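What follows is a single structure, written as structure tokens, with notes after it.
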Amino acid sequence: MANPAIIPLPRVNEVAGTIVTAAMKVHSKLGPGLMESAYQACMIHELRKQGLKAVGQVTLPVIYHGEKIDIGYRIDVLVEDLVVLELKCVESIHPIHEAQLLSYIRLSGKNIGLLINFHVLHLRNGIKRMVSGANWEK
């Protein structure tokens, strides 16, 4: 029998799909070239219009030797308390951007994140889904 504390994979996939659709709408309307904060605000607005809980600039403390240390890390957008969004407006995604998202996923205790770079001509080329850990289907 399934553990009721585990969120079924279809729910995570549904949320991720809605996020991608929202990002496509935002990118179609705004195009590339704006600051990250503009895309973040519009993404939150669009996700909320779709009925999802979307929170921006979520504080992400580091737990070091059992102590909570607020270093100033922030998740760009946390959707449905399931998916971490890391938004970028850069010429190209580099491994450090992927490492940043994986660190945020791990520190937040979430398992799935989307790295979305709005500074591209076609947004399909700017989206990367990343998972962390053995429990990625949670």
- Message: Please pick out the residue among Gly66, Gly51 that is farther than 17 Å from Ile19 by Cβ and more than 14 Å from the chain's Cα centre (by Cα).
- Response: Gly66
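Whether any residue in the stretch 79-91 is part of a loop (DSSP other than H, G, I, E, B) and either modelled with pLDDT under 90 or within 15 Å of Gly56 (Cβ to Cβ) (or both) is what I want to check.
Looking through the stretch 79-91, at least one residue is part of a loop (DSSP other than H, G, I, E, B) and either modelled with pLDDT under 90 or within 15 Å of Gly56 (Cβ to Cβ) (or both).
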- Task: Kindly establish whether Ile19 is part of a loop (DSSP other than H, G, I, E, B) and either acidic (Asp, Glu) or under 20 Å from Leu102 (Cβ atoms) (or both).
- Result: no
- Subset of the stretch 45-73, residues part of a strand (DSSP E or B) and surrounded by 12 or more Cβ atoms within 10 Å (Cβ to Cβ), comes to Ala54, Val55, Gly56, Gln57, Val58, Val62
- If the Cβ limit is 9 Å and pairs must be 6+ apart or interchain, which residue in the stretch 109-124 that is over 17 Å from Glu91 (Cα atoms) pairs with which residue that is β-branched (Val, Ile, Thr) and not in a strand (DSSP E or B)? Asn111/Val12; Asn111/Ile105; Ile112/Val12; Ile112/Val15; Ile112/Ile105; Gly113/Ile105; Leu114/Ile19; Leu114/Val20
- Given (1) outside any loop (DSSP other than H, G, I, E, B); (2) at pLDDT below 95, number of the condition Ala2 does not satisfy: (1)
- For Arg124, indicate whether it is among the charged types (D, E, K, R), under 18 Å from Thr21 (Cα atoms), surrounded by fewer than 19 Cβ atoms within 10 Å (Cβ to Cβ) and more than 11 Å from the chain's Cα centre (by Cα). yes
- Quick check: is even one residue across the stretch 99-114 under 15 Å from Ala22 (Cβ atoms) and assigned to a strand (DSSP E or B)? yes
- Task: Would you check if Leu34 is within 25 Å of Arg11 (Cβ to Cβ) and either touching a residue at least 24 places away in the same chain (Cβ under 8 Å) or not in a loop (DSSP other than H, G, I, E, B) (or both)?
- Result: no
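The values are calculated or read from the model by the stated rules, or taken from the named source; none is laboratory data. Note that the coordinates shown come from a computational prediction; the quantities given were computed from them, not determined experimentally. Don't worry about glycine lacking a Cβ; one is built from the backbone with ideal geometry, like all the others, and counts go over all protein chains shown.
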